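Below: one structure, written as structure tokens.
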Amino acid sequence: MNEKVLKSLKAATEVFWKNEGYMEYEAVKPGNAFTMQDIEAAEDRLLKFAPLIEKLFPETEGDAGIIESPVERPAGMQQYLDEVHGLELKGRLHIKRDDILPISGSVKARGGIYEILTFAEILAADHELIDAGEDYSQFAGGRFKEVFSRYTIVCASTGNLGLSIGIMSAKLGFKVNIHMSTDAKEWKKKMLREYGVNVIEHMDDYSHAVTVGREEAMRRDDFYFVDDEDSVTLFLGYAVSALRLKGQLVEAGIEVSAEHPLYVYLPCGVGGAPGGITFGLKEVFGGHVHPVFAEPTHSPCMMLGVMSGRHDEISVRDIGLDNVTIADGLAVGRASKFIGKTVENMIAGFYTVQDDELYRLLTKLWDEEKMKLEPSALAGMTGAYRLQEALPDFPAGTHLVWSTGGNMVPDEVWRKDYEAGQALLKDE
Ligand SMILES: *Cc1c(COP(=O)(O)O)cnc(C)c1O
């Protein structure tokens, strides 16, 4: 373990750690449990389901049922960040707008929805409702609903996974039990209940909610547990984003090469979303992409798990941290071992961010770009600057901030965070 970094982690001060286990992708690849074919199979399944998505969620009509977000260029924000960091960023800042993904307004719309569709397809085959050649928009029909209503989808969530799975499952006719950790925001629970979802509240953290959900589902044949810590299906659903991103970058004329690498900054909770995206990025861009993970100073579970090599055998509580943060989507004390083991050699670096910084960035991003994000989604915003401060000699390239959530946040809730950021900015 890097003792100096560990000391900063314990003190909950912001720190950047260059992953000593980061490897050339060509050396990592032969040991991978998954391949590009797995990602392409996931993309094919999503394409088959696109007519259904379009039918169930009219907001996806413009994209013919494909759930995707744009890449944008926050030039004003880059200028602001240059000023506060007192440096000129080597390269251009871009932002991947998963905060406006259709259906559930967060990165979880990728993995969560994909896993529910995959399960629905299995059930449809088991019950001989459909064969592979048929039009999947039929999944919205009564015959399917009747079968799906006999099953209960179970998952544990800090909020957004519950939203994505709850909304999709309820639309298809499943019963849904969502186990919410203590960090989950009131409005997320309320919204789910409006969809008819059974929300079970826990006074404990995320890892506890997962354990309870998993045990509940194990006892019943008609329960299906979406396992945020261990699901390969979720992982591959997230990975599809990289194929889509490739097309978007080509279209925007943004080169990704040895001379012009791509740096991607990903907010990390239990690890599923950033882990799946990282795997996809590496399969698509190989050594020309460098993923960097961002976590709250009070919940740096993945950094701790990877740095110590202990993965899910160590919790942030073991080093004296409380796992309490405004970034509810990242409030995870114990990382996924499956994800840690799968992608630990694909992550270039990790850094931590204080809650106050998330508030300030939330406010500034609205002022500069009129983008409305939730606190967790801002963790990646300063990654490029943190990298340049820590490793001034890295080659210039494109810096892509993955903005992971925001558009479902009720205005009055978001406004409070905005005002908190305003107050902090005024004090400076
Ligand atoms: C869940 C979430 C993340 C991180 O995803 P994990 O799979 O938990 O690592 C990041 N940002 C937001 C807004 C989230 O909801």
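The values are calculated or read from the model by the stated rules, or taken from the named source; none is laboratory data. Not measured: the values here are computed from a predicted model. Positions of Cβ are backbone-derived with ideal geometry, glycine not excepted, and every protein chain shown enters the neighbour counts. The accessibility values were calculated without ligands, DNA or RNA, using every heavy atom of the protein model including side chains. Shrake-Rupley method; radii C 1.70, N 1.55, O 1.52, S 1.80 Å.
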In sequence order, calculated HN-Hα J values of the range 105-112 (Karplus, 6.51, -1.76, 1.60; Hz; x Gly/Pro): x, 7, 4, 5, 5, 7, x, x
Three-way shape label, the range 108-230, alpha-carbon gyration tensor, a/c 1.5: prolate
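Work out the FRET efficiency for Asp427 and Tyr22 from their Cβ-Cβ distance, taking R0 = 41 Å, and round it to the nearest 0.05.
0.65
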Intensity falloff of the chain expressed as log10 I(q)/I(0), Debye formula with alpha-carbon point scatterers, at q = 0.06, 0.07, 0.09, 0.14 Å⁻¹: -0.22, -0.31, -0.51, -1.32
Which listed pairs, of Lys171/Lys341; Lys96/Lys372; Lys108/Lys341, have C-alpha distances above 23 Å, in listed order: Lys171/Lys341
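Can you pull the percent of the range 207-273's accessible area that's carbon plus sulfur, 1.4 Å probe, other chains left in place?
Details: 1320 of 2680 Å².
Here it works out to 49 percent.
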Gyration tensor verdict on the range 326-383 (Cα atoms; rounded if a/c is under 1.5, prolate if a/b is larger than b/c, oblate otherwise): prolate
Computed [θ] at 222 nm, deg cm²/dmol, the chain (DSSP H ≥ 4; -39,500 (n - 2.57); rounded to nearest 500): -14000 deg cm²/dmol
Volume of the Cα convex hull of the range 82-156, divided per residue and given in Å³: 159 Å³
Long-range HN-HN contacts of Trp17 with modeled amide H, under 5 Å: Phe350, Tyr351
By average C-beta atoms within 10 angstrom, highest first, the peptides 234-244, 149-159, 309-319: 234-244, 149-159, 309-319
Protection proxy ranking of 85-93, 277-285 - average other beta-carbon atoms within 10 Å, highest first: 277-285, 85-93
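Given the pairs Lys55/Lys175; Lys18/Lys48; Lys190/Lys364, which are separated by over 32 angstrom at their Cα positions?
Values: Lys55/Lys175 20 Å; Lys18/Lys48 40 Å; Lys190/Lys364 29 Å.
From the list (Lys55/Lys175; Lys18/Lys48; Lys190/Lys364), the Cα-Cα distance tops 32 Å for Lys18/Lys48.
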Cα convex hull of the range 1-100 - mean projected area over all directions, nm²: 11.3 nm²
Distance in nm between pseudo-label sites at Glu83 and Ser149 (7 Å out along the Cβ direction from Cα): 5.8 nm
Protection proxy ranking of 9-17, 371-379, 323-331 - average other beta-carbon atoms within 10 Å, highest first: 371-379, 323-331, 9-17
